[in-house]
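> This is the structure, below, for whatever I ask next.
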Amino acid sequence: MKSRVQWLGLKTVPGVGNRLFLNLIQHFGGPQRVFSASKRELLQVEGVNDRLASVIEGYKIPKRVEEDLSLAQKNGVGIITFSDPDYPALLRHIHDPPPVLYVRGRLRPDSLNIAIVGSRNATSYGRTVTERLSDGLARRGFTVVSGMARGIDAAAHLGALAARGRTIAVMGCGLGTVYPAENKRLFYEIA
């Protein structure tokens with residue numbers, strides 16, 4: 001658990017985005033070594049300036065990180081870090097991969113993925129076409145990936161679920177938040 005606290009803690013350092021996070025991990029081997037590094041050592045990492053090195057050197061991981069971990073465990077949410085063998089191989093190779101993933105349900109390799117996203121204010125026709133398209137793709141073995149927003153995203157998930165297919169919701173909100181609230185039932189159907 002301590003390792004997870006440090007991974008999540010590094011995400012809370014002001015000024016450390018995904019790319020810099022991974023630069024730090026690649027340079028030091030893990031967040032434990034990042035937090036124990038001296039300012040001089042931190043300055044050797046691409047993207048770290050004098051001010052940021054001082055922030056990292058004296059940084060105290062907020063209590064809310066442990067609270068987030070407890071909340072994740074309580075809600076059946078797994079945490080996968082960039083260094084874990086379960087981290088999705090294709091995601092690992094994008095330009096700016098997220099260093100930490102929160103996962104409900106089983107994460108497994110997918111070779112046939114398709115992302116379907118669109119308007120939150122979709123027309124009835126748009127939602128219907130999206131559900132049909134998603135249903136057809138899921139029946140042919142595709143995993144449908146969307147963002148669980150209202151409109152087209154929700155229709156994409158619903159179509160895949162109607163076909164008893166696999167769908168993944170990539171969510172941009174916190175652990176304790178289902179957004180939009182109207183998709184709460186959908187959230188639990190997906191996982």
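> Just add up the charged neighbours of PRO99: K/R +1, D/E -1, any other residue whose Cβ is under 11 Å from the Cβ of PRO99. Before the final figure, lay out each step's value.
Values: positive: LYS11, ARG19, ARG92; negative: ASP84, ASP96.
Local charge sum for PRO99: +1.
> Let me ask something else. How large is ³J(HN,Hα), in whole Hz, for each residue of segment 155-171 in order, when computed from phi with the Karplus curve 6.51 cos²θ - 1.76 cosθ + 1.60 and θ = phi - 60°, using x for Gly and Pro?
The phi angles translate into 4, 4, 5, 4, x, 5, 5, 4, 8, 6, x, 9, 9, 10, 9, 9, 10 Hz.
> With θ taken as phi - 60° and the coefficients 6.51, -1.76 and 1.60, list the Karplus ³J(HN,Hα) couplings across segment 30-47 in order, rounded to whole Hz; mark glycine and proline as x.
Once rounded to whole Hz, the list reads x, x, 4, 6, 4, 5, 9, 6, 7, 4, 4, 5, 4, 5, 7, 8, 4, x.
> When the Cα centres of segment 1-78 and segment 142-163 are compared, how far apart do they sit, in Å?
33
> Right, something else. Search the structure for amide H atoms under 5 Å from the amide H of ILE168, placed 1.01 Å from N in the peptide plane, and list their residues when 5 or more places away or on another chain.
Excluding prolines and chain starts, which carry no amide H, the hits are VAL144, VAL145, SER146.
> Still on this structure, I have one more. So, by mean Cβ neighbours within 10 angstrom, what's the order for 76-88, 58-70 with the highest one leading?
76-88, 58-70
> List the lysines whose Cα sits under 19 Å from the Cα of LYS2, skipping any in the same chain fewer than 8 residues away.
LYS11, LYS60, LYS63, LYS74
> Calculate for the chain the 222 nm mean residue ellipticity that helices alone would give, adding -39,500 (n - 2.57) per DSSP H run of length 4 or more and normalising by residue count, nearest 500 deg cm²/dmol.
Only helices count here, giving -13000 deg cm²/dmol.
> For helix 18-28, what angle does its Cα long axis make with the longest principal axis of the chain, in degrees from 0 to 90 and rounded to 10?
In the chain, helix 18-28 runs at an angle near 50 degrees to the longest axis.
> For the residues GLU41, GLU131, what sequence is obtained by ranking on other C-beta atoms within 10 Å, fewest first?
Values: GLU41 16, GLU131 21.
Placing the least packed residue first, the sequence is GLU41, GLU131.
> Just need log10 I(q)/I(0) for segment 22-155 at q = 0.14 Å⁻¹, Debye formula, equal scatterers on the alpha-carbon atoms, no solvent, rounded to two decimals.
Result of the Debye calculation: -0.87.
> Here's another thing I want to ask about it. Using a simple spin-label model with points 7 Å from Cα along the Cα→Cβ vector, what separation in nm is obtained for ASP96 and THR128?
The two pseudo-label positions are separated by 3.9 nm.
> On a 0 to 90° scale, report how tilted helix 63-74 is relative to the longest principal axis of the chain, with both axes built from alpha carbons and the result rounded to the nearest 10.
With rounding to tens, the tilt is 40 degrees.
> Through the Karplus equation 6.51 cos²θ - 1.76 cosθ + 1.60, θ set to phi - 60°, convert the phi angles of segment 119-136 into ³J(HN,Hα) values in whole Hz; use x for Gly and Pro.
5, 6, 9, 6, 6, 4, 4, x, 5, 5, 4, 5, 4, 5, 4, 5, 4, x
Rule-based calculations on the coordinates, nothing more; no lab input. Keep in mind that what you see is a predicted model, and the values were worked out from it rather than measured. Glycine gets a Cβ as well: all are built from the backbone with ideal geometry, and neighbour counts include every protein chain shown.
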